[in-house]
């Protein structure tokens, strides 16, 4: 028997590239999430932008127009929809199909598949957000974000929080059906507190207080403040970071590969 | 399922060093006193065997006998409660990365995303390995060459199964571990897979084959471990196992004339001679048929309608496990 050297083989990095490529193909071939996340957000920007009443500044909205208010809401909405459509469902079905288990018999660690998914979704989110921002500026005369660094930070924290929640759903859901159920149960209240259905500023004070501590309720003012040039207060950023950390920990703690 | 590397300790230690001294050379797979329980259920109980490099080693047994658990421990998917495992001298609990590079695994249940194409899955798996096999050769041998552009979901069950064999062999493994590799294949595809496995063995690959399919075990395996209720009940060549089933063979023929039975009873191979109508039924062992026919010919008596009954691997299976192999695994195991 020839002895095996002590050199420890490592999976080639090209393997990760191939995994990202295949995850991108799957997203492209099952475009429900792309349409729901990217398509709907851009479409709503265009529709709201075309409604004159939405463009008029309103005293009850602090001098901003409804359109102004909706841009960060739609941005956080698209992050949530993309994260929740592609992360828990497919991941749980990969586990159901034995794909994660099969992977762990190869030199490639199974978590690479998870990382590949996050890479693909992050790209999709970045493209969607860029579209929303560009369309708002170019076609509807909104001024460019005044504090891009704060905006990137707010968006990154929002993504981290939503990925962490998505992974936790993937960790605790035993079937992809259950994952979809949990996802909907999490997404719709989140969207309510983000102001997607009705501006939070016009809701009762106690709902506004609750909203501040929900992921999208924190994401919207953080992104909005960055846009108009104020560095967001610590509160929403800390809330987002806390979601990312707590749910990141839960996901790691409860995730099963088979 | 990240399991700790904490094992390696008390129970495995002395066993490992002891057996290593015995079988340092030539063993591609070496399993000593493997034990694995799931709660109160003892899945594998004190299983030991060694597979020589370049051998096709079969693991045969009824459902729930512990076959799959044994191989899953061997490839590092599960951590044993006690016992030692070495693949090419490497402990899967200690150096999993090395194990994954030298082994190719086909699991019983395993699917792929419906909307990936065969070629995309193959290319991705190929890129996982430092020294992959020749894909076109493998895919060609298993009849998937013209399926590269097909979506996984459009493949038939047999094609999915063949893809899973291709992926198990795509890393040019030194040890291929195949769990029920021909389940769901039609007879022709089954033979194609067998040819491929023999071809691989001829090139030096060690093959560990979990099967409940007698014809497959008989045709391919150099040796077979028959497992029942977590223990090895017999370990031998297919022919050796079959002979163990009864140890006796029967020759029956129609003699041209009546003759003195002592012509046969004095033969060392013969244990009994009986009559069944016009036929003579001789039981015995060893090269019974040759001995009987030569003796009759020497005595100048013709033998007509000679029929030889030998016990088969299937007889061995039934006798040693008390179960019939077809009840063991013909239902799909998903």
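The values are calculated or read from the model by the stated rules, or taken from the named source; none is laboratory data. Predicted model only: the values in this text are computed from it and were never measured. Glycine gets a Cβ as well: all are built from the backbone with ideal geometry, and neighbour counts include every protein chain shown.
Is there a residue being without any contact (Cβ under 8 Å) to a residue 60 or more places away in the chain, under 30 Å from residue B:50 (Cβ atoms), over 18 Å from the mean Cα position of the chain (by Cα) and assigned by TED's automatic domain parsing to the domain that holds residue B:109 anywhere in the stretch B:180-192? For the stretch B:180-192, residues without any contact (Cβ under 8 Å) to a residue 60 or more places away in the chain, under 30 Å from residue B:50 (Cβ atoms), over 18 Å from the mean Cα position of the chain (by Cα) and assigned by TED's automatic domain parsing to the domain that holds residue B:109: absent. Only one residue in A:203, A:190 is surrounded by fewer than 24 Cβ atoms within 10 Å (Cβ to Cβ) and at pLDDT below 90. Which one? None of the others qualify; the one that does is A:203.
Residue count for the stretch B:25-56, restricted to those that are surrounded by 22 or more Cβ atoms within 10 Å (Cβ to Cβ) and within 14 Å of chain A (Cβ to nearest Cβ): 5. Filtered by the rule that a residue be touching a helix residue (DSSP H, G or I) at 6+ places or on another chain (Cβ under 7 Å), more than 9 Å from chain A (Cβ to nearest Cβ) and over 28 Å from residue B:162 (Cα atoms), the stretch B:80-121 gives B:80, B:82, B:83, B:84, B:85. Of the residues making up the stretch A:100-112, none is closer than 30 Å to residue A:42 by Cα and assigned to a helix (DSSP H, G or I).
In the stretch B:145-194, what count of residues is obtained for those that are part of a helix (DSSP H, G or I) and within 12 Å of another protein chain (Cβ to nearest Cβ)? Number of matching residues: 7. Restricting the stretch B:125-144 to residues that are assigned to a loop (DSSP other than H, G, I, E, B) and under 19 Å from residue B:112 (Cα atoms), the residue that is farthest from the other protein chains (Cβ to nearest Cβ) is B:143.
Yes/no per residue for (1) part of a helix (DSSP H, G or I); (2) crowded, with 17+ Cβ neighbours inside 10 Å:
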residue	(1), (2)
B:196	yes, yes
B:201	yes, yes
B:219	yes, no
B:234	no, yes
B:250	no, yes
B:253	no, yes
B:258	no, no
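Annotation note: of A:142, A:118, the sole residue that is under 27 Å from residue A:238 (Cβ atoms) and either free of Cβ contacts under 8 Å to residues at least 24 places away in the same chain or more than 14 Å from chain B (Cβ to nearest Cβ) (or both) is A:118. Restricting attention to the stretch A:119-146, the residues that are assigned to a helix (DSSP H, G or I) and in contact with a helix residue (DSSP H, G or I) (Cβ under 6 Å, 6 or more places away or on another chain) total 12. I'd like the full set of residues that are closer than 30 Å to residue B:106 by Cα and without any contact (Cβ under 8 Å) to a residue 12 or more places away in the chain, limited to the stretch A:64-100. If the condition is that a residue be closer than 30 Å to residue B:106 by Cα and without any contact (Cβ under 8 Å) to a residue 12 or more places away in the chain, then A:97 is the only one that fits.
Scanning the stretch A:32-63 for residues that are farther than 17 Å from residue A:78 by Cα, in a helix (DSSP H, G or I) and touching a residue at least 40 places away in the same chain (Cβ under 8 Å) gives A:49, A:55, A:60, A:61. Applying the condition of being at pLDDT below 90 and touching a helix residue (DSSP H, G or I) at 6+ places or on another chain (Cβ under 6 Å) to the stretch A:19-35 and asking which residue is nearest to the other protein chains (Cβ to nearest Cβ) yields A:27. Just name the residue that is farthest from the other protein chains (Cβ to nearest Cβ) out of those in the stretch B:203-217 that are out of contact with any strand residue (DSSP E or B) (no Cβ under 8 Å at 6 or more places or on another chain) and part of a loop (DSSP other than H, G, I, E, B). My answer is B:213.
Could you list, in sequence order, all residues of the stretch A:3-18 that are more than 8 Å from chain B (Cβ to nearest Cβ) and at pLDDT below 55? A:5, A:6, A:7, listed by residue number. With respect to the conditions (1) surrounded by fewer than 16 Cβ atoms within 10 Å (Cβ to Cβ); (2) more than 14 Å from chain B (Cβ to nearest Cβ), residue A:54 falls short on a single one, namely (1). If you go through the stretch A:169-201 one residue at a time, how many are in contact (Cβ under 8 Å) with a residue 60 or more places away in the chain and farther than 24 Å from residue A:222 by Cα? Looking only at that region, the number is 12.
Candidates are the residues of the stretch B:203-212 that are over 25 Å from residue B:145 (Cβ atoms) and in contact with a helix residue (DSSP H, G or I) (Cβ under 8 Å, 6 or more places away or on another chain); the one that is surrounded by the most Cβ atoms within 10 Å (Cβ to Cβ) is B:208.
Checking each residue in the stretch B:296-309 for being free of Cβ contacts under 8 Å to residues at least 40 places away in the same chain and either under 16 Å from residue B:248 (Cβ atoms) or out of contact with any strand residue (DSSP E or B) (no Cβ under 9 Å at 6 or more places or on another chain) (or both) picks out B:298, B:300.
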